[in-house]
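Asker: Take a look at this one; I'll ask things after.
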Amino acid sequence: MHDPAALRSLHLARFQAVPAIFVAPGRVNLIGEHTDYAEGFVMPVAIDFATLAGISPRTDGKIVVYSENYGEEKTFEAAAPPTQAGKHWSDYPLGVVAILAGEGYKIPGFSLSLWGDVPLGSGLSSSAALEVVTMLAVTSLIGVAIPGPVLARLCQRVENEFVGANCGIMDQFISANGKENHALLLDCRDLSFKLAPIPAHIALVIANTMVKHSIAGGDYPTRRRESEAACAVIDSHRGGVPFLRDATLDDLEKWGHEMEPKSLLRARHVISEDLRTVAAEKALEKGDLAEVGRLMAEAHRSYSKDFEGSCVEADLMVELAQDLPGLIGARLTGGGFGGCTINLVEQSQAKAFAAELGKRYAAKTGIEPQIHICHASGGAHRLE
Ligand code: ADP
Ligand code: MG
């Protein structure tokens, strides 16, 4: 039901009102992993899985939200909406209301219907798509136009401050600002960005390993601490290095011996990943897909060996793709320890690629993977 007409009928039947309809996409990160909190570079792409929202005003002072995905409706008082999350999907639309109210906007009653085909909880950011589409719908209802980068920041605050998830801004940023047939190089320091072309004949094949491991002591915080410890050593010598974004591989040559061995490796990943991410944008700009593939392969090796952020299944998924016809580049994407790999594949070969990769992975692991063939899509906008 990417079809706005279906959401329109659904909304009309449930709320007896014609909705304005908006769409916001999910995303996949092409390259740039664990660089965001070091104020570095990431390069996400909006995908053609998306969330749709229909919105219409109400006169009874109520906020009524309905999700077709959950088949569930919730009602709140617009004058006194909950100020705390309830560990429910309605936290996301309520968070949008709370953040906008905190910014001084008066939010009237409305009916909101939601439907999305971004797989929930698979790392393709259905949560950001939901935040962005709701933010766009509600601000449009009250007649306020918010620029994409600012809207993304408000949505990140929904997730950080209301829902209570400690995410960066990448997901909301690409969902709000993506462009069809482009990736987006985002500088996480100042949120400046550059669009890089992805030719229309390239498919993004996203392969879900169907596993998510957690390692002792907590994976994400541990890696973050280790890389930040390396940064502190460099900063103690030459100053002006508050984040690894400001460090160089040369710094590691000079002072790496003073770091814990694991810290040195984590920092080497983050510093080299920034270089690769910036280089990947240049390669896309030049249309040098072979170079993009090479950078993705190097990024995976670095993520797996230096950052130790991969796992047996994800390494296998990348390895099994290597000799398949049409592959340009493959790597593990997202926070790590499982999740999805991203494969750049010639569109003409994408179906056969996905089928064979799935067969090989299932034969080796006994796990049936979910494999999606996507394209670089546009960012959030109004549909009708
Ligand atoms: P991801 O962002 O990787 O998909 P998250 O756990 O961050 O995973 O977000 C998934 C959550 O977002 C779901 O559990 C649900 O609460 C909410 N959500 C996403 N899409 C919808 C939708 N269409 N309707 C209702 N809730 C949704
Ligand atoms: Mg999410």
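The values are calculated or read from the model by the stated rules, or taken from the named source; none is laboratory data. It should be emphasised that the depicted structure is a prediction, and the values quoted were computed from it without experimental measurement. For neighbour counting, all protein chains shown are included, and Cβ atoms are generated from backbone atoms with ideal geometry for every residue, glycine included. In case anyone asks, the SASA skips ligands and DNA or RNA and just uses the protein heavy atoms, side chains included. Shrake-Rupley method; radii C 1.70, N 1.55, O 1.52, S 1.80 Å.
Asker: Answer yes or no as to whether Asp235 is without any contact (Cβ under 8 Å) to a residue 24 or more places away in the chain, surrounded by fewer than 20 Cβ atoms within 10 Å (Cβ to Cβ) and in contact with a Pro (Cβ under 8 Å, 6 or more places away or on another chain).
Answerer: Considered against the rule, which asks whether it is without any contact (Cβ under 8 Å) to a residue 24 or more places away in the chain, surrounded by fewer than 20 Cβ atoms within 10 Å (Cβ to Cβ) and in contact with a Pro (Cβ under 8 Å, 6 or more places away or on another chain), Asp235 comes out as yes.
Asker: Name the single residue, out of those in region 70-119 being within 16 Å of Ala137 (Cβ to Cβ) and of a type in the set (S, T, N, Q), that is nearest to ligand 1 (Cβ to nearest atom).
Answerer: Ser90
Asker: Let me confirm something: among Ser236, Ser214, which residue is hydroxyl-bearing (Ser, Thr, Tyr) and in a loop (DSSP other than H, G, I, E, B)?
Answerer: Ser214
Asker: Scan region 7-25 for residues that are open to solvent by 30 Å² or more (accessible area, probe 1.4 Å) and part of a helix (DSSP H, G or I) and report the count.
Answerer: So the answer is 6.
Asker: Six or more apart or on different chains, Cβ atoms under 6 Å: show the pairs whose first residue is in region 94-106 and touching a residue at least 24 places away in the same chain (Cβ under 8 Å) and whose second is of a type in the set (Ser, Thr, Tyr).
Answerer: Val96/Thr134
Asker: Inspect all residues belonging to region 326-334 and state whether any of them is of a type in the set (A, V, I, L, M), modelled with pLDDT of 95 or more and within 14 Å of His213 (Cβ to Cβ).
Answerer: Scanning region 326-334, I find at least one residue that is of a type in the set (A, V, I, L, M), modelled with pLDDT of 95 or more and within 14 Å of His213 (Cβ to Cβ), so the answer is yes.
Asker: Would a scan of region 158-169 turn up a residue that is within 29 Å of Glu291 (Cα to Cα) and assigned to a loop (DSSP other than H, G, I, E, B)?
Answerer: For region 158-169, residues within 29 Å of Glu291 (Cα to Cα) and assigned to a loop (DSSP other than H, G, I, E, B): present.
Asker: Among all residue pairs at least 6 apart or on different chains, which show Cβ distances below 8 Å where the first residue, located in region 56-72, is charged (D, E, K, R) and the second is at pLDDT below 95?
Answerer: Glu68/Met1
Asker: Kindly indicate which of Ser126, Ser122 is under 16 Å from Pro25 (Cβ atoms), within 14 Å of ligand 1 (Cβ to nearest atom) and at pLDDT below 95.
Answerer: Criteria check complete, one pass: Ser122.
Asker: Moving on. Please find, within region 307-325, the residue that is least open to solvent (accessible area, probe 1.4 Å) out of those that are out of contact with any helix residue (DSSP H, G or I) (no Cβ under 7 Å at 6 or more places or on another chain) and part of a helix (DSSP H, G or I).
Answerer: Restricting to residues being out of contact with any helix residue (DSSP H, G or I) (no Cβ under 7 Å at 6 or more places or on another chain) and part of a helix (DSSP H, G or I), the top hit is Ala314.
Asker: Does region 347-384 hold any residues that are part of a loop (DSSP other than H, G, I, E, B), at pLDDT 95 or above and either open to solvent by 40 Å² or more (accessible area, probe 1.4 Å) or out of contact with any Asp or Glu (no Cβ under 7 Å at 6 or more places or on another chain) (or both), and which are they?
Answerer: Result: Gly366, Ile367, Glu368, Pro369, His375, Gly379, Ala380, Leu383.
Asker: Could you please find all residues in region 87-144 being in a loop (DSSP other than H, G, I, E, B), of a type in the set (A, V, I, L, M) and either open to solvent by 10 Å² or more (accessible area, probe 1.4 Å) or more than 15 Å from ligand 2 (Cβ to nearest atom) (or both)?
Answerer: Ile107, Leu120, Ile142, Val144 - these are the residues of region 87-144 that are in a loop (DSSP other than H, G, I, E, B), of a type in the set (A, V, I, L, M) and either open to solvent by 10 Å² or more (accessible area, probe 1.4 Å) or more than 15 Å from ligand 2 (Cβ to nearest atom) (or both).
Asker: Taking region 38-72 on its own, how many of its residues are open to solvent by 40 Å² or more (accessible area, probe 1.4 Å), closer than 30 Å to Leu284 by Cα and either polar (S, T, N, Q) or in the same structural domain as Ser263 (by TED's automatic domain parsing) (or both)?
Answerer: 0
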